[in-house]
Amino acid sequence: METLLRRCQIRSQIVRECIAEFLGLYIAVLIGSGAAAQVVTSRGTHGNYLTIQLGSALGAVFGIFVARGVSGAHLNPVYSLSLCVLGRHPWKKLPLYSLSHLVGAFLGAATVYLQYYDAIQTFSGGELLVAGPNATAGIFCSYPADHLSFWGGLVDQVVATALFLLCCVALEDQRNGPLPDGLHPVLVGALILTMGVSMGSNCGFPLNPARDLGPRLFTFVAGWGEEVFKAGGGWWWVPIVAPFVGGLLGTVTYELLIEAHHQTTPQSPQQEQEAVELEEVKN
């Protein structure tokens with residue numbers, strides 16, 4: 001087995017990272033959309049709104065655990081962009097990571113459709129619909145609620161993604177309190193669950209352009225047709241563009257209001273002594 005593994009080892013670091021990003025988001029979509037498919041096709045007899053949110057949160061947790069040791073587990077182009085802006089991730093990797101996310105989300109949705117094919121066909125009567133009581137497209141990607149206006153949806157996504165990225169950057173900020181190894185993915189999952197139960201009713205809190213566009217492209221080619229792009233007055237581009245705006249807003253907000261002030265925060269005598277000892281070890 002070890003010989004086989006050595007022969008299968010990929011030498012290119014960027015290829016390994018892209019595979020990890022692909023697999024991480026694939027797992028997140030598989031679990032998250034799988035939870036939605038179970039609730040929708042059973043007409044609520046096997047789960048409810050909360051179980052969908054739990055599926056999304058736990059899917060993200062396990063996706064991060066799978067990928068974090070290889071690529072850092074971005075699993076979201078918005079997060080990758082924010083790290084590039086902060087100078088913590090090479091810009092040249094951004095398009096490769098984003099493509100990996102898109103493919104992972106697309107194939108994750110395809111796998112859920114394969115698993116739930118019979119249930120979806122039975123539930124919808126063999127007609128794949130985007131809207132109405134027998135609609136199934138919402139299993140895979142986001143659509144606005146009937147009450148949501150265009151500007152309301154835009155604001156919703158900017159605010160939600162700004163909060164999401166602000167908290168993600170805070171979790172990565174070692175100077176704001178280092179986290180025990182292994183706790184970070186769990187807290188990201190908790191953050192996603194928190195956003196689902198507080199900001200999910202307007203449009204399902206997509207937060208991730210690849211997570212929304214990949215499955216939308218799948219539903220387009222799988223039989224739902226052009227309506228996946230026409231529904232909601234052409235809603236499809238909002239969960240792609242708005243998260244980038246909100247993500248950058250949240251990142252900059254944290255940097256300006258929190259991280260920029262770490263250097264001027266007075267240290268306790270114990271912290272100062274630890275810093276001196278650390279410097280002596282380095283030298």
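Every number here is computed from the coordinates shown, using simple stated rules; none is lab data. Here the structure is a predicted model, which means the values were calculated and not measured. Virtual Cβ from ideal backbone geometry, glycine too; neighbours counted across all protein chains shown.
Between the alpha-carbon centres of the stretch 146-182 and the stretch 54-87 there is a gap of 13 Å. Relative to the longest principal axis of the Cα atoms of the chain, the long axis of helix 209-219 lies at roughly 20 degrees.
In the elastic network of the chain, a GNM with C-alpha springs shorter than 10 Å, the most mobile of VAL40, VAL238, VAL221 is VAL221. Taking each DSSP H run with n ≥ 4 as -39500 (n - 2.57) and averaging over every residue of the chain yields -22500 deg cm²/dmol at 222 nm. Sequence-distant contacts, meaning Cα pairs under 8 Å at least 6 residues apart, place the relative contact order of the stretch 12-282 at 24 percent. Residues of the stretch 28-53 falling in the label zone of ASN134, defined by backbone nitrogen less than 17 Å from a point 7 Å along Cα to beta-carbon, are 40-44. Fewest-first ordering of ARG16, ARG211, ARG175 by other beta carbons within 10 Å of each residue's beta carbon gives ARG175, ARG16, ARG211. More than 21 Å apart: what percent of Cα pairs in the stretch 113-186 qualify? The share of Cα pairs beyond 21 Å in the stretch 113-186 comes to 56 percent. Within the chain, the longest run free of exposed loop sites, counting GluC sites (Glu not before Pro) that sit outside DSSP helix and strand states (H, G, I, E, B) and have at most 12 other Cβ atoms within 10 Å, spans 1-126. When each pair of different Cα atoms in the stretch 43-91 is counted once in the 1/r mean, what is the Kirkwood radius in angstroms, to one decimal? This gives a value of 12.7 Å. Seen against the Cα atoms of the chain and their longest principal axis, helix 269-282 is set at about 90 degrees.
With θ taken as phi - 60° and the Karplus curve 6.51 cos²θ - 1.76 cosθ + 1.60 applied, the whole-hertz 3J(HN,Hα) list for the stretch 105-110 is 5, 4, 6, x, 5, 4 Hz, x standing for glycine and proline. Placing +1 on the Cβ of every Lys and Arg and -1 on the Cβ of every Asp and Glu, with no other charges, gives the stretch 112-255 a dipole of roughly 80 debye about its Cα centre. Each 10 Å bin from zero up to the one holding the largest Cα-Cα distance in the chain carries the following percent of pairs: 6, 26, 33, 20, 10, 3, 1, 0.
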